[in-house]
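The values are calculated or read from the model by the stated rules, or taken from the named source; none is laboratory data. The model shown is predicted, which means the values in this text are computed figures rather than measured ones. Cβ placement follows ideal geometry from the backbone for every residue including glycine, while neighbour counts extend to all protein chains displayed. What goes into the accessible areas is simple: the full protein's heavy atoms, side chains included, and nothing from ligands, DNA or RNA. Shrake-Rupley method; radii C 1.70, N 1.55, O 1.52, S 1.80 Å.
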Amino acid sequence: MSIEIDGKKGIYEIGCGIYDVTGPAAEVGMMGFAEVKQVTQGIYMRLYSRAFIFGDGERRVVYVCADLCMIYQAVKLAVVAKVAKDPELRDLYDDKNILLSATHTHSGPGGYSHHFLYNLTTKGFIPQNFDAIVEGIYQSIRRAHANIEPGKIFIARGELDGYGFNRATRPYAMNPAEERERYGSDLDKEMTLLKLVGIDGRELGMINWLGVHPTSVGPANHLIGGDHKGLAEYWFEKDKKADLKSAKPFVAAFALAPAGDVSPNLWGVADGVHDYEHMEIIARKQYDKAVELYESCGTGGTKAAADRTSSQAGAASEQLTGPVDSRHRYVDFSKLHIDALHVDTVPAAMGASFLAGSTEDNESQVAIFHEGATVDSLQGNERIVSGAIDSVFGAVWPKTLSEDYIKGQAPKKILVPTGLATFDGNPWTPQILPVQVVRLGQFAIAAQPTEITTMAGRRVRETVKKALAKAGVTHAVVSSHSNAYSSYVTTREEYAGQEYEGASTHFGPYTLDGFLQEFGRLASAIADGSAVPQGIYPVDYKLTQLTLQPGVVYDAASKGRKFGDVLVDARESYKIGEEVVVEFQSAHPRNDLLTMDSFAIVQKKVGARFEDILDDRDPQLTFEWQRLKGAESKAILRWRSGGAETGEYRIVHRGVAKAFWFGKKTRFEGVSRVFVIS
Ligand SMILES: [Zn+2]
């Protein structure tokens, strides 16, 4: 029996796929806090790319949510290039209907941009990380494609509290009073959730969007992980018994809505002591709400009921029906004319208070300038430093001193002219940015290629909803950190405040107005069924990347030992909840990323044999890597045994060692003694 796919009747093609994107787990600069000393040294949870494909029988779209700090332009271009070479995918998917987004975890390795500024704190480009990310996203799309089956999509929306706070209240308060009153809060609070069910009733997957920075785990951390969003995804997938090695696991994505000014750090800046505890609290908030919304889906909710209650704390759901569609275009934001305002944007620049960092979230450790520094408010040392920086840039790139540029960015005090400063002809940050709108029945997604503040995000969402209203769209989200990365976008009013987020808004005060114009045009084109021009295709600067990170030379075991030998063994017995720690002679984790595999494993004795019960995916088991002397290293595996069943266990460490002669790589495995948990 074949089922007819028909979006109009609410029967869609749905496919979900998940794949590992965990990069090098040792000695690579981490992305998010711009803290040079923060390098990877192990894993608390692996990172995954989660792909969802939707089709109405005529058209398809791909939505990817990856546990990454951001999706750089280079990543999207490379994933699309792989898809274009794949005979099964190339006729169906391209840059126009693939939307890649990131959760914005600050606990992952960096160096995967092709733009200089974003590789500054990672010793340049890290090809191994870039390849792992691109391949992992591509594999997740392949799996989603292979899993396509007929199904239904339900949507639910609800409000959540206590998951964070607005970290930029001064600029937020500069937005019009009438607009602020309309929303009643400087947090958006809304979670929007999709539940995906096969036509036979089998549960396939879930995506939800909520805006809050994944910065519970702060810059003192050296282990790779997904922060609160990764943890919530893990819990949700565990509930559904998702076995990632099976062909068709349930896939749950906790995606990012506008979070440019939203911090989870209700207890103050992450202190390196309570980070994991706080991550769990914020994850629990999102997880509980997602479960509630998910459970409310497919229980006979009507469209009218959803409209009535969507602004209240409760949950209601409706089924999506109608076409699947998308529009995508590249826009040059360095000189975009905004018709409605008769103004133009200007080339990218970072302002002085970008270097102050977001003082509420500890995003930068360099504090030369105060938050809120403008052209007119520089004081003492700030003037001296900025004058010196101006003359250095001006000497190499004279246009950075042009009157139009300086005026066009005002009141921002230009510190780093990232659009005009070039590295081998490549601007330090991208200026030709992708803008994309996706439609699934009465639901629309705007793909924002930046971080974006709460109020700016609301304006994008309302613009898209309004333009698509005549086509029957009643729900919309802004998918943050999508398809490219170009720092922040604030409203024009917030920009005037020049706090961290305004200083990091690249194309001057009218940056958001440019996005509103372009998103509005794409949404209207979907509503009218008209085409949009592609725009100028951005250059991929993959051949001009500089790598300063040295490779692994070779590994050595300590005298009289071999790789995998136990250095510190487990005790004979533990009480449930105690921490089990085992140390092994190890080798550099960069020799092999062990993708879809594991450096750390807990095995339980079942009958006569040992079965794997926990691995790198599980947050209660961590893998930590330490260099000893020279080429020698050790691995420390820790298992917090809370919730374990009584029984006999052992801890296993896997790795790959690189030999001094000819660099031959050999897999090794170390096993602890058998111990009892009681
Ligand atoms: Zn951020």
Discussion item. Conditions first: (1) under 20 Å from Tyr485 (Cβ atoms); (2) modelled with pLDDT of 95 or more. Ala34 passes all but one, so which condition is the exception?
Written reply: (2)
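From the list Ile452, Ile432, Ile445, which residue is within 16 Å of the ligand (Cβ to nearest atom), hydrophobic (A, V, I, L, M, F, W, C) and in contact with a strand residue (DSSP E or B) (Cβ under 6 Å, 6 or more places away or on another chain)?
Within the list Ile452, Ile432, Ile445, the selection yields Ile452.
Conditions tested, residue by residue: (1) farther than 19 Å from Ala253 by Cα; (2) modelled with pLDDT of 95 or more; (3) open to solvent by less than 10 Å² (accessible area, probe 1.4 Å).
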{"residue": "Met1", "(1), (2), (3)": "yes, no, no"}
{"residue": "Ile18", "(1), (2), (3)": "no, yes, yes"}
{"residue": "Val21", "(1), (2), (3)": "no, yes, yes"}
{"residue": "Glu27", "(1), (2), (3)": "yes, no, no"}
{"residue": "Gln38", "(1), (2), (3)": "yes, no, yes"}
{"residue": "Arg46", "(1), (2), (3)": "no, yes, yes"}
{"residue": "Ala51", "(1), (2), (3)": "no, yes, yes"}
Worksheet item: Which one is nearest to the ligand (Cβ to nearest atom) among residues in region 83-140 that are open to solvent by less than 10 Å² (accessible area, probe 1.4 Å) and among the aromatic types (Phe, Trp, Tyr)?
Response: Tyr112
Worksheet item: Do you know which residues across region 538-594 are within 22 Å of Trp625 (Cβ to Cβ), crowded, with 17+ Cβ neighbours inside 10 Å and polar (S, T, N, Q)?
Response: Gln549, Gln585, Ser586, Asn591
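Residue-by-condition table, conditions (1) more than 16 Å from the ligand (Cβ to nearest atom); (2) in contact with a Phe, Trp or Tyr (Cβ under 6 Å, 6 or more places away or on another chain); (3) without any contact (Cβ under 8 Å) to a residue 40 or more places away in the chain; (4) under 19 Å from Gly10 (Cα atoms):
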{"residue": "Ile155", "(1), (2), (3), (4)": "yes, yes, no, yes"}
{"residue": "Phe165", "(1), (2), (3), (4)": "no, no, no, no"}
{"residue": "Thr169", "(1), (2), (3), (4)": "yes, no, yes, no"}
{"residue": "Met174", "(1), (2), (3), (4)": "yes, no, no, no"}
{"residue": "Glu181", "(1), (2), (3), (4)": "yes, no, yes, no"}
{"residue": "Lys189", "(1), (2), (3), (4)": "yes, no, yes, no"}
{"residue": "Asp200", "(1), (2), (3), (4)": "yes, no, yes, yes"}
{"residue": "Gly211", "(1), (2), (3), (4)": "no, no, no, no"}
Worksheet item: Across region 285-321, which residue is modelled with the highest pLDDT among those that are within 23 Å of Ala471 (Cβ to Cβ) and among the acidic types (Asp, Glu)?
Response: Glu318
Item to complete: Exactly one condition in (1) open to solvent by 10 Å² or more (accessible area, probe 1.4 Å); (2) within 16 Å of the ligand (Cβ to nearest atom); (3) in contact with a helix residue (DSSP H, G or I) (Cβ under 9 Å, 6 or more places away or on another chain) is not met by Gly226; state its number.
Response: (1)
Worksheet, complete the sentence: Within region 624-665, the residues that are at pLDDT 95 or above and aromatic (Phe, Trp, Tyr) are Trp625, Trp639, Tyr649
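Which residues, counting only those in region 182-210, are under 19 Å from Val291 (Cα atoms) and open to solvent by 10 Å² or more (accessible area, probe 1.4 Å)?
Narrowing region 182-210 to residues under 19 Å from Val291 (Cα atoms): 189-198, 201-210.
Lys189, Glu190, Lys195, Val197, Gly201, Arg202, Glu203, Leu204 - these are the residues of region 182-210 that are under 19 Å from Val291 (Cα atoms) and open to solvent by 10 Å² or more (accessible area, probe 1.4 Å).
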Discussion item. Conditions first: (1) of a type in the set (Phe, Trp, Tyr); (2) assigned to a loop (DSSP other than H, G, I, E, B); (3) away from the ligand (no atom under 16 Å from the Cβ). Phe33 passes all but one, so which condition is the exception?
Written reply: (3)
Worksheet entry | Residues of region 422-469 satisfying the condition of being surrounded by fewer than 24 Cβ atoms within 10 Å (Cβ to Cβ), assigned to a strand (DSSP E or B) and touching a Leu at 6+ places or on another chain (Cβ under 7 Å) | Phe443
Worksheet item: Any chance region 666-677 includes a residue that's in contact with an Asp or Glu (Cβ under 7 Å, 6 or more places away or on another chain), open to solvent by 60 Å² or more (accessible area, probe 1.4 Å) and within 14 Å of Gly564 (Cα to Cα)?
Response: yes
Discussion item. Can you say whether Thr474 is crowded, with 24+ Cβ neighbours inside 10 Å and in contact (Cβ under 8 Å) with a residue 24 or more places away in the chain, as far as the supplied structure shows?
Written reply: no
Worksheet, complete the sentence: Scanning region 657-674 residue by residue, the ones that are assigned to a loop (DSSP other than H, G, I, E, B) and either touching a strand residue (DSSP E or B) at 6+ places or on another chain (Cβ under 6 Å) or over 15 Å from Asp555 (Cα atoms) (or both) total 3
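Residues are listed down the side, and each one gets a yes or a no for (1) of a type in the set (Phe, Trp, Tyr); (2) modelled with pLDDT of 95 or more; (3) in contact with a Cys (Cβ under 8 Å, 6 or more places away or on another chain):
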site: Glu181; (1), (2), (3): no, yes, no
site: Gly184; (1), (2), (3): no, yes, no
site: Lys195; (1), (2), (3): no, yes, yes
site: Asp200; (1), (2), (3): no, no, no
site: Met206; (1), (2), (3): no, yes, no
site: Gly211; (1), (2), (3): no, yes, no
site: Val217; (1), (2), (3): no, yes, no
site: Ile224; (1), (2), (3): no, yes, no
site: Lys229; (1), (2), (3): no, yes, no
Fill in: Of residues in region 477-500 being under 30 Å from Lys413 (Cα atoms) and hydrophobic (A, V, I, L, M, F, W, C), the one most open to solvent (accessible area, probe 1.4 Å)
Ala496
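Here's the yes/no breakdown for (1) assigned to a helix (DSSP H, G or I); (2) crowded, with 18+ Cβ neighbours inside 10 Å; (3) within 16 Å of the ligand (Cβ to nearest atom):
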{"residue": "Asn265", "(1), (2), (3)": "no, yes, yes"}
{"residue": "Val273", "(1), (2), (3)": "no, no, no"}
{"residue": "Ile282", "(1), (2), (3)": "yes, yes, yes"}
{"residue": "Lys285", "(1), (2), (3)": "yes, yes, no"}
Item to complete: Could you tell me which residue of region 244-263 is surrounded by the most Cβ atoms within 10 Å (Cβ to Cβ), considering only residues that are within 15 Å of the ligand (Cβ to nearest atom) and in a strand (DSSP E or B)?
Response: Leu256
